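Inspection log for the structure reproduced underneath, given as structure tokens.
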Amino acid sequence: MKTYFVTGGAGFIGSSLSEKLIKEGNKVVAIDNFCDFYNEKIKENNIKELTKNENFKLYRGDIRDRNILKEIFKENKIDIVMHLAAMAGVRPSIENPILYQEVNCMGTQNILEEMKEHNVKNLVMASSSSVYGNCKEVPFRENMIVDFAISPYAATKKANEVMTHVYHKLFDMNVIMLRFFTVYGPKQRPDLAINKFTRLMLNNEEIPMFGDGTTSRDYTYIDDIVDGIIKSCEYTINHKDVYEILNLGNSSPVSLREMINTIGKVLGIDPKIKQLPMQPGDVDRTYADVTKAKELIGYEPKTTFEQGITSFVNWYKQNKELYQ
């Protein structure tokens, strides 16, 4: 049995990961600040079953608060940190870049400092496909130059990759940075397109389509992401001198128009589309080369887009009162 410290543990990915870790016989110590980025009742619902399990321990607090982090590391013998907590979203980061810098960079630095102070050597952390910006060459590979961010959010994630490498070199920390590619599935945040568009279609409202519908994303189902995270954690624990950056995607981009039409098909609804201009900070496409992740950790995404949308829609219909 290992003890995992999961930051952002009540969020979409964090709660899904915690469920799987506990199911596999581990302990999870989680922190979440239940911020008002979206309705906190959604996060409460995410963890309602977890809180009944003796192997799940939740701290309500903020990673910008060194005192609560000190308390967590002092009270628990942590084997590995899975750092998911962050201010998310490209467009909101343009509106409030200082908050994103404080949470995503200083919050991460706080965690790294507490790991150093308490001799915790293993870290797996969420980066983002946003770091690739508008790279012309596809698919995106981990060894591409990613110095041309087009949003504050992407810049903070690139900064995290650099800073964790510093702690790897100076303090012998094992680190894997995971560049997630548009994660979706049950519990997905309400601000993300698949959740939002499902809600709008069921309410017979127009779908805002930014651009001509040809922009594309490498949508990755939550179960495949969780599997990749756990495999990364196991690799980090069982190897020495680790610093790796891995893409976790589906390697099968879906256009915006195809995404809308797939949701409509699963719901049995003909979408009403309102075309709008492209938004600042949005990239044209994301497309993951997952060769490295397959070779290093045995990552193998299995869920097709339509399968994933069907699972999400079924879940959403049972929980839609949370999102109205």
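The values are calculated or read from the model by the stated rules, or taken from the named source; none is laboratory data. Remember, predicted model here, so these are calculated numbers, not experimental data. Cβ: placed from backbone, ideal geometry, glycine included. Neighbour counts: every protein chain shown.
Is it true that Thr182 is within 13 Å of the chain's Cα centre (by Cα), of a type outside the set (Phe, Trp, Tyr) and closer than 17 Å to Arg91 by Cα? Spelling it out, Thr182 is indeed within 13 Å of the chain's Cα centre (by Cα), of a type outside the set (Phe, Trp, Tyr) and closer than 17 Å to Arg91 by Cα. Annotation: of all residues in segment 145-181 being in contact with a helix residue (DSSP H, G or I) (Cβ under 7 Å, 6 or more places away or on another chain) and in a loop (DSSP other than H, G, I, E, B), the one that is farthest from Glu244 (Cα to Cα) is Ser151.
Residues that are within 13 Å of Val90 (Cα to Cα), surrounded by fewer than 24 Cβ atoms within 10 Å (Cβ to Cβ) and charged (D, E, K, R) within segment 109-168 are absent altogether. Of the candidates Ile207, Ile194, the single residue that is surrounded by 23 or more Cβ atoms within 10 Å (Cβ to Cβ), more than 12 Å from the chain's Cα centre (by Cα), within 21 Å of Ser255 (Cβ to Cβ) and not aromatic (Phe, Trp, Tyr) is Ile194. Counting only helices (runs of 4 or more DSSP H) wholly contained in segment 1-112, the ones carrying 2 or more residues that are in contact with a Leu (Cβ under 7 Å, 6 or more places away or on another chain) occupy 12-23, 40-46.
When segment 14-42 is limited to residues that are closer than 16 Å to Val103 by Cβ and out of contact with any Pro (no Cβ under 7 Å at 6 or more places or on another chain), the one that is surrounded by the most Cβ atoms within 10 Å (Cβ to Cβ) turns out to be Gly14.
Taking helices (runs of 4 or more DSSP H) that fall entirely within segment 224-324, which contain at least 1 residues that are surrounded by 21 or more Cβ atoms within 10 Å (Cβ to Cβ) and small (Gly, Ala, Ser)? Talk me through it step by step, then tell me what you get.
Numbers: elements: 256-267, 291-297, 305-319.
Because the criterion is at least 1 residues that are surrounded by 21 or more Cβ atoms within 10 Å (Cβ to Cβ) and small (Gly, Ala, Ser), the helices (runs of 4 or more DSSP H) in segment 224-324 that meet it are 291-297, 305-319.
Within the bounds of segment 126-138, is there any residue that is modelled with pLDDT of 95 or more, under 23 Å from Asp32 (Cβ atoms) and part of a loop (DSSP other than H, G, I, E, B)? No: segment 126-138 contains no residue that is modelled with pLDDT of 95 or more, under 23 Å from Asp32 (Cβ atoms) and part of a loop (DSSP other than H, G, I, E, B).
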